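> Quick one: the structure is below, and I'll ask about it shortly.
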Amino acid sequence: MIQLAPSLLSSDLLNMGDAIRACEQGGADLLHYDVMDGHFVPPITYGPDFVRAIKRTSTLPVDVHLMVTNPDHQVEQFAVAGADWISVHAEATPHAHRTLHRIKALGKRAGFVLNPATPLEYAFEVAGDADFILLMSVNPGYGGQSFIESFLPRCERLRTWLDTRGFSDVEIEVDGGIKIDNARRAADAGASILVSGSGIFSGSIGDNLAAMRTAVGR
Ligand code: DX5
Ligand code: ZN
């Protein structure tokens, strides 16, 4: 089963309630929530209070992607606010095992994120500690960028590595440039959670979700 995760970054901030309802009705599996600190990446987005507000209006799990320099400062705040999944970047998390176990101890699904140029070996080292590995298919910071094709062999390699070493329960999430026309290739390469911002929020959210579901075929 492929999980579709609309990235709220591309939604209209002042009408996000309507966008979330459209995501629910369109069959989204979770809501991807991008936290940017103006330091790890140039833009600044939103903090934990907004997660709290989303959780009051929706039952969909919230997938918090922390693009911040000091994720250890943020993990607990987002967990308390109601985040269901929390992922931290390899490039910003020097004590990865400790941080991932902290997320799990807070009762959340723990994810480890790799930028497109970060060696896969970073994920291998924490395969037994993370619930999912998020492979970026763009350099983080902005919605609407083009999918980096080298994601595909990289994802296949990670999926194979996980499956052959007893980590078949560790899922791969892909984030960046996923649209209706390339979602199938990402899923076939081994990604089971597909984040899509501009691919879902330009035009009809319901139609786009339905088309993406049909495109992935599962
Ligand atoms: C990029 C963010 C993504 C972004 C994806 O840094 O992590 O979640 O919103 O947007 P699209 O799907 O438009 O590339
Ligand atoms: Zn993201």
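The values are calculated or read from the model by the stated rules, or taken from the named source; none is laboratory data. Remember, predicted model here, so these are calculated numbers, not experimental data. Counting neighbours? That spans all protein chains shown, and the Cβs are built from the backbone with ideal geometry, glycine included.
> Against the condition more than 18 Å from Ser196 (Cβ to Cβ), away from ligand 1 (no atom under 15 Å from the Cβ) and under 16 Å from the mean Cα position of the chain (by Cα), how does Ile86 come out, does it pass?
no
> Follow-up question, since we're still on this one. Tell me which of these Arg184 doesn't satisfy, since it passes every other one: (1) more than 16 Å from ligand 2 (Cβ to nearest atom); (2) buried (at least 17 other Cβ atoms within 10 Å of the Cβ); (3) under 26 Å from Phe78 (Cβ atoms); (4) of a type in the set (D, E, K, R).
Only one criterion is unmet by Arg184, namely (3).
> Another question, if that's okay. Could you grab me the full set of residues in segment 9-46 that are touching a Leu at 6+ places or on another chain (Cβ under 6 Å), surrounded by 19 or more Cβ atoms within 10 Å (Cβ to Cβ) and more than 19 Å from Thr69 (Cα to Cα)?
Scanning segment 9-46 gives Gly26, Ala28, Leu30, Leu31.
> Would it be correct to say that Gly143 is within 11 Å of ligand 2 (Cβ to nearest atom), buried (at least 19 other Cβ atoms within 10 Å of the Cβ) and outside any helix (DSSP H, G or I)?
Answer is yes for this residue.
> Now for a different question. Go through segment 110-121 and give me each residue that's over 20 Å from Ala186 (Cβ atoms) and surrounded by 15 or more Cβ atoms within 10 Å (Cβ to Cβ).
Across segment 110-121, the qualifying residue is only Ala110.
> Against the definition (in a helix (DSSP H, G or I), within 28 Å of Tyr122 (Cα to Cα) and either within 11 Å of ligand 1 (Cβ to nearest atom) or without any contact (Cβ under 8 Å) to a residue 60 or more places away in the chain (or both)), how does Glu24 come out, yes or no?
no
> Is it fair to say Leu152 is in a helix (DSSP H, G or I) and free of Cβ contacts under 8 Å to residues at least 60 places away in the same chain?
Taking the combined requirement at face value, the residue satisfies it.
> Another question about this same structure. Assess whether Gly111 counts as being among the small types (Gly, Ala, Ser) and part of a loop (DSSP other than H, G, I, E, B).
So Gly111 fails the test.
> Scan Ser146, Ser196, Ser150 and give me the residue that is farther than 20 Å from Pro71 by Cα and in contact with a strand residue (DSSP E or B) (Cβ under 9 Å, 6 or more places away or on another chain).
Ser196
> Quickly run through segment 188-208 and pick out the residues that are over 12 Å from Ser11 (Cα atoms) and touching a helix residue (DSSP H, G or I) at 6+ places or on another chain (Cβ under 7 Å).
Once the filter is applied, which keeps residues that are over 12 Å from Ser11 (Cα atoms) and touching a helix residue (DSSP H, G or I) at 6+ places or on another chain (Cβ under 7 Å), segment 188-208 yields Ala189, Gly190, Ala191, Leu194, Gly206, Asn208.
> Among the residues of segment 119-131, is there at least one that is within 16 Å of ligand 1 (Cβ to nearest atom) and either assigned to a loop (DSSP other than H, G, I, E, B) or of a type outside the set (Gly, Ala, Ser) (or both)?
Kept after step one, since they are within 16 Å of ligand 1 (Cβ to nearest atom), are these residues of segment 119-131: none.
No, segment 119-131 contains no residue that is within 16 Å of ligand 1 (Cβ to nearest atom) and either assigned to a loop (DSSP other than H, G, I, E, B) or of a type outside the set (Gly, Ala, Ser) (or both).
> Where residues in segment 1-20 are under 13 Å from Ser204 (Cβ atoms) and part of a helix (DSSP H, G or I), which of them is farthest from ligand 1 (Cβ to nearest atom)?
Here the answer is Asp18.
> If you go through segment 179-188 one residue at a time, do you hit one that is at pLDDT 95 or above, of a type outside the set (Phe, Trp, Tyr) and under 26 Å from His97 (Cβ atoms)?
Scanning segment 179-188 turns up no residue that is at pLDDT 95 or above, of a type outside the set (Phe, Trp, Tyr) and under 26 Å from His97 (Cβ atoms).
> Here's a follow-up. I'd like the residue in segment 71-80 that is in contact (Cβ under 8 Å) with a residue 24 or more places away in the chain and surrounded by fewer than 20 Cβ atoms within 10 Å (Cβ to Cβ) and, out of all such residues, is farthest from Phe112 (Cα to Cα).
Val80
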